[in-house]
Amino acid sequence: MAEEREASGSGQERPSTAADRRGRRSGPAPTGDKGRATAVRDGRPAKISLPKRLVRFLREVVAELRKVIWPTRKQLVTYTIVVLVFVSFMVALVWLLDLLFAQGVMLLFGT
């Protein structure tokens, strides 16, 4: 380290790690609250009872449901038909692939 300091001519020691170069460990740790673990429950309110938490949860559920934009009857019928057509198509596709694979296995193994 002394050679590096003398070679650079600045009189300062060259940082040896990436953390030092970024300035994260530029000396001894400052005194104060940094030397102890962070207190987990400082500033938190006392634990609320189960019935109160349940009532709060239900109140929040109702508040969220009020924000929902419900579909009209026409939209609901349209979406239902689209879903039924898509599911019918997928069932037919899987049935066809199953039939083809079954025929292939029968030809391949000849049972």
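Points worth noting:
- Each residue in region 85-111 was checked for being of a type in the set (Asp, Glu) and not in a helix (DSSP H, G or I), and 0 pass.
- Looking across region 62-84, the residues that are assigned to a helix (DSSP H, G or I) and either among the hydroxyl-bearing types (Ser, Thr, Tyr) or loosely packed, with under 10 Cβ neighbours inside 10 Å (or both) come down to 62, 63, 64, 65, 66, 67, 73, 74, 78, 79, 80.
All of the numbers you see were taken from the coordinates with simple rules; none came from a lab. In this text, all values refer to a predicted model and were calculated from it rather than measured experimentally. Don't worry about glycine lacking a Cβ; one is built from the backbone with ideal geometry, like all the others, and counts go over all protein chains shown.
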